[in-house]
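Visitor: Mind looking over this structure? Questions follow.
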Amino acid sequence: MRELIEYMAKELSSRPDQVRVKEAGGLRHTVIYLNVAQDDIGRIIGKSGRIANAMRILLRVAAIRQGKRVTLEIR
C-alpha cells in the first residue's frame, strides 16, 4: 500500500524526488504519512480535496482486500 501512494504522489508531483512516504501502525490499523514539497501540496490535495479523497478511496480498497484499515495523512 505504501508503494501505491508513493507511485501516485510521484506522478502528480512536480518534484518527485522530494516525495516521502512513511508507514506506521500495527496489525489491523496502519497510518501512511505522505510528505511532499511545499509547492506540490496543492497538486496532491486537488481542488476541494478531490485528488486526496480519490487516493484515500483507492488506499481503502487495497486495505480491505488485505483485511486492514489504513489512514492517509498528507503533510
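Any read-out appearing in this document is the output of simple, stated calculations on the displayed coordinates, not a laboratory observation. Note that the coordinates shown come from a computational prediction; the quantities given were computed from them, not determined experimentally. Note that we place each Cβ from the backbone using ideal geometry, even for glycine, and neighbour counts take in every protein chain shown.
Visitor: Amide H to amide H, which residues 5 or more places from G25 or on other chains are under 5 Å from it, using H placed in the peptide plane?
Guide: Under 5 Å from the amide H of G25 lie the amide H atoms of V31, each far enough along the sequence or on another chain.
Visitor: How large is the charge dipole for the chain, taken about the Cα centre, if only the Cβ atoms of Lys, Arg (+1) and Asp, Glu (-1) carry charge, to the nearest 20 debye?
Guide: Charge dipole of the chain: 360 debye, to the nearest 20.
Visitor: For the stretch 1-66, I need the span (max minus min coordinate) of the C-alpha atoms along each principal axis, in Å, sorted largest to smallest.
Guide: 34, 23, 15
Visitor: Kindly provide the helix-only [θ] at 222 nm of the chain, computed as the sum of -39,500 (n - 2.57) over DSSP H runs of four or more divided by all residues, to the nearest 500 deg cm²/dmol?
Guide: -13000 deg cm²/dmol
Visitor: Rounded to whole Hz and in sequence order, give me ³J(HN,Hα) for the stretch 61-75 from the Karplus expression 6.51 cos²θ - 1.76 cosθ + 1.60, θ = phi - 60°, writing x for Gly and Pro.
Guide: 5, 5, 5, 4, 4, 9, x, 10, 10, 9, 10, 10, 10, 9, 10
Visitor: Whose amide H sits under 5 Å from the amide H of R69, counting only residues 5 or more places off or on another chain, with H placed in the peptide plane?
Guide: Those qualifying (amide H under 5 Å, at least 5 residues apart or on another chain) are H29, T30.
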